[in-house]
Amino acid sequence: MRKRIFISLLFFSLSVVILAQIFVILKYLEGEIYTFFDGIYWVITTVTTVGFGDIVFTSTIGRIYTIFVMLYGIAFIFGFFFPYVVIPFAEKRLLFKLPEESSLKDHVIICGINRISKIVYSDLKKNKRNCLLMDDDEDKVREALEEGLTAVLSDYSLESFKRNNIDKALAIVLFEEAEKNLDILLTLQDYELDKYAVLNLPEYAKYLLMAGAKKVFLPKSVAGSQLAKFVSENIRGTVEAREIVKGYGVAEICVSEFSKIKGESVSRIERNFDIKIVAVLKGGKVHFSPEKSLKVDVGDTIQVFGKMESIQRLFEEARGYF
């Protein structure tokens, strides 16, 4: 659609330039001097059939040219612009019925379409996870579909979630406002799947946790890619560790509310798991080479180095897999 609009504007602009130049020449032959800008003004008012009459031709050829420009304008608007641009645009925007259900299985449902949720969608897709975006805003759903994303229009009712195979979903991530996130959690309270929520206001976090959210993220302290990583790891039950040398690697591990290591100091964690903590992300601040006395709490992200099996064991303890 954008290509069609661009082609139309380019064609119209070139036409105006050529017709304006002819206008200047014909006026010169009539003994009158007009600028190129005057020509553009006359062409546009004539093409659009407005015709103020402040500039007119007196010669026969000039009047014939005026008739040609008026007919050209009518032909361009109703013969080209409307059928080629306006009508297809209207059909796409007004007549296209947005999908309301999907046949995806073993997928992650993302409620709320925005910049961060699209990042999560993209990163989960890179991890070979099926993803489905849901929103109750038609424009957001339409925009997502135009970007090639899998999205459906939903009123977040139980019926809507059933139509999108909530019983076969692996996890659900909520990006809506706090009240709407709470409604969704209560709607899905009987479904046993991982539920994550993203908020701007931390004071609502406890209510979402009580309603069944496994974890609540704050966008200011965690990037979309980190959230996608967290969801993907929980689905697999294994940490995403990057091997540096044979048998040793690095990983970022987020501490959950069910963790066995919450409240533990850096030195105690390093000693118990035989790993090295390189950095700790706490409250939006990164502590590189953290002090041994620094305590790790829920929501913190720790970057570690060590044996791959030690990292996996720490991951299981940090997530509360026991």
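The values are calculated or read from the model by the stated rules, or taken from the named source; none is laboratory data. Quick caveat: nothing in here was measured; it's all calculated off a predicted structure. FYI the Cβ positions are ideal-geometry reconstructions off the backbone, even for glycines, and counts take in every protein chain you see.
Points to keep in mind about this one:
Table: residues versus (1) out of contact with any His (no Cβ under 9 Å at 6 or more places or on another chain); (2) without any contact (Cβ under 8 Å) to a residue 60 or more places away in the chain; (3) not polar (S, T, N, Q).
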residue	(1), (2), (3)
GLY249	yes, no, yes
GLU252	yes, yes, yes
GLY263	yes, yes, yes
ASP297	yes, yes, yes
PHE305	yes, no, yes
GLN312	yes, no, no
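- With respect to (1) at pLDDT 80 or above; (2) within 24 Å of the chain's Cα centre (by Cα), the lone exception for ASP274 is condition (2).
For (1) out of contact with any Cys (no Cβ under 6 Å at 6 or more places or on another chain); (2) closer than 16 Å to GLY212 by Cα; (3) in the same structural domain as ARG115 (by TED's automatic domain parsing), each residue gets a yes or a no:
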residue: SER160; (1), (2), (3): yes, no, yes
residue: ARG163; (1), (2), (3): yes, no, yes
residue: LEU170; (1), (2), (3): yes, yes, yes
residue: LEU174; (1), (2), (3): no, yes, yes
residue: ALA178; (1), (2), (3): yes, yes, yes
residue: ASP183; (1), (2), (3): yes, yes, yes
residue: LYS195; (1), (2), (3): yes, yes, yes
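- Taken as a whole, the structure leaves LYS276 outside the set of residues that are touching a residue at least 12 places away in the same chain (Cβ under 8 Å), of a type outside the set (Ser, Thr, Tyr) and within 19 Å of PHE258 (Cβ to Cβ).
- As for the range 32-50, it holds at least one residue that is under 41 Å from the mean Cα position of the chain (by Cα), touching a residue at least 24 places away in the same chain (Cβ under 8 Å) and outside any helix (DSSP H, G or I).
- Filter pass, VAL250 being assigned to a loop (DSSP other than H, G, I, E, B) and of a type in the set (A, V, I, L, M, F, W, C): no
- Residues in the range 174-188 that are crowded, with 20+ Cβ neighbours inside 10 Å and either farther than 15 Å from PHE217 by Cα or in contact with a Leu (Cβ under 7 Å, 6 or more places away or on another chain) (or both): ASN181, LEU182, ILE184, LEU185, LEU188.
- For the range 293-302, the count of residues that are of a type in the set (Ser, Thr, Tyr), in contact with a strand residue (DSSP E or B) (Cβ under 8 Å, 6 or more places away or on another chain) and buried (at least 20 other Cβ atoms within 10 Å of the Cβ) is at least one.
- Residue check for ASP155: farther than 17 Å from ILE116 by Cβ, at pLDDT 90 or above and not small (Gly, Ala, Ser): yes
- Filter pass, LYS180 being more than 16 Å from the chain's Cα centre (by Cα) and not aliphatic (A, V, I, L, M): yes
- Members of the range 245-271 found to be modelled with pLDDT of 85 or more and either of a type in the set (Phe, Trp, Tyr) or touching a Cys at 6+ places or on another chain (Cβ under 6 Å) (or both), listed by number: TYR248
- The set of residues in the range 52-79 that are outside any helix (DSSP H, G or I) and either of a type in the set (S, T, N, Q) or exposed (fewer than 15 other Cβ atoms within 10 Å of the Cβ) (or both) comprises PHE52, GLY53, ASP54, VAL56, THR58, SER59.
- Residue match in the range 196-218 (condition: β-branched (Val, Ile, Thr), on the phi < 0 side of the Ramachandran plot and part of a helix (DSSP H, G or I)): no
- Screening PHE258, PHE288, PHE305, PHE315 for residues that are among the hydrophobic types (A, V, I, L, M, F, W, C), within 28 Å of GLY212 (Cα to Cα) and surrounded by fewer than 17 Cβ atoms within 10 Å (Cβ to Cβ) leaves exactly one candidate, PHE258.
- Tally, over the range 119-154, of residues that are crowded, with 19+ Cβ neighbours inside 10 Å, within 21 Å of PHE217 (Cβ to Cβ) and either not aliphatic (A, V, I, L, M) or not assigned by TED's automatic domain parsing to the domain that holds ASP167 (or both): 5
- Cβ-Cβ distances below 6 Å connect the following pairs, each with a first residue in the range 98-112 that is touching a residue at least 60 places away in the same chain (Cβ under 8 Å), a second residue that is small (Gly, Ala, Ser) and not in a loop (DSSP other than H, G, I, E, B), and a separation of six or more residues or different chains: VAL108/ALA171; ILE110/SER117.
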